[in-house]
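The values are calculated or read from the model by the stated rules, or taken from the named source; none is laboratory data. Predicted model only: the values in this text are computed from it and were never measured. Here the Cβ positions follow ideal geometry from the backbone for every residue, glycine too, while neighbour counts run over all protein chains shown.
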Amino acid sequence: MNKTIIQPAAELSREQEDALLRFDEAWEQGESPDWEKYLAVDSSETFLLELLHIDLERKLKAGLAARVETYLEAHPELAHNDEALIDLIMAEYRLRAQYEPIAAADFVHRFRHLGTRLDNRLNLLSQMSPDLRNMALPSIAHSESAGSEPGQGNGGFSHTLVPRVPNVVANPPSAEERYVIQGKLGEGGMGAV
């Protein structure tokens, strides 16, 4: 069974993990569950973000339209947490890039208020090979722990952290590949610009 990867921002309670698992299993069974109904369990931002990451991934993998703006319209308070918003945007970019040609510039244009922080992360992600790009977000994959009884320990989630953006990019572009010299701006005693 192919389980959705859940990206936690912090430790989740057993109740939250169970709700996320039920939501993911509903998708697994061919349903298209309403994520808003699951907020009855917990309306915290941490839980909401976990739910949105699952919903975004499941919808995009099913070929359904899903955009971060839709979630922001329903919960505008998310726009005040730049890091969480960038993580959600990066997830949309990473997932859509698997199925369609997309440009990082389109995301930067959609979310101008995030400026160079989003631009830098998207550009780095877009330079990665598809294999690295698909691993570029921290993940928690659901699985029963060996020797763990249901209802004990980690609630069935095995923590497998993958760095958000690897420190070393495979085959990084050289300075010549990143920049284009268009002409000489000036010259002085220390050299030319």
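Per-structure values
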| item | result |
| --- | --- |
| Failed condition for Glu57, given (1) farther than 22 Å from Met128 by Cβ; (2) at pLDDT 90 or above | (1) |
| Qualifying residue in region 77-85 (condition: within 30 Å of Leu124 (Cα to Cα), modelled with pLDDT under 90 and not in a helix (DSSP H, G or I)) | no |
| The one condition in (1) out of contact with any helix residue (DSSP H, G or I) (no Cβ under 8 Å at 6 or more places or on another chain); (2) of a type outside the set (A, V, I, L, M, F, W, C); (3) at pLDDT 90 or above that Gly63 fails to fulfil | (3) |
| Checking Pro101 against (1) surrounded by 17 or more Cβ atoms within 10 Å (Cβ to Cβ); (2) at pLDDT 80 or above; (3) in a loop (DSSP other than H, G, I, E, B), the condition it does not meet | (1) |
| Hey, Glu15 acidic (Asp, Glu) and over 24 Å from Leu125 (Cβ atoms) or not | yes |
| Ala91 being closer than 27 Å to Ser44 by Cα and outside any helix (DSSP H, G or I) | no |
| Among (1) surrounded by 20 or more Cβ atoms within 10 Å (Cβ to Cβ); (2) of a type in the set (D, E, K, R); (3) over 27 Å from Arg110 (Cβ atoms), the one test that Glu92 misses | (3) |
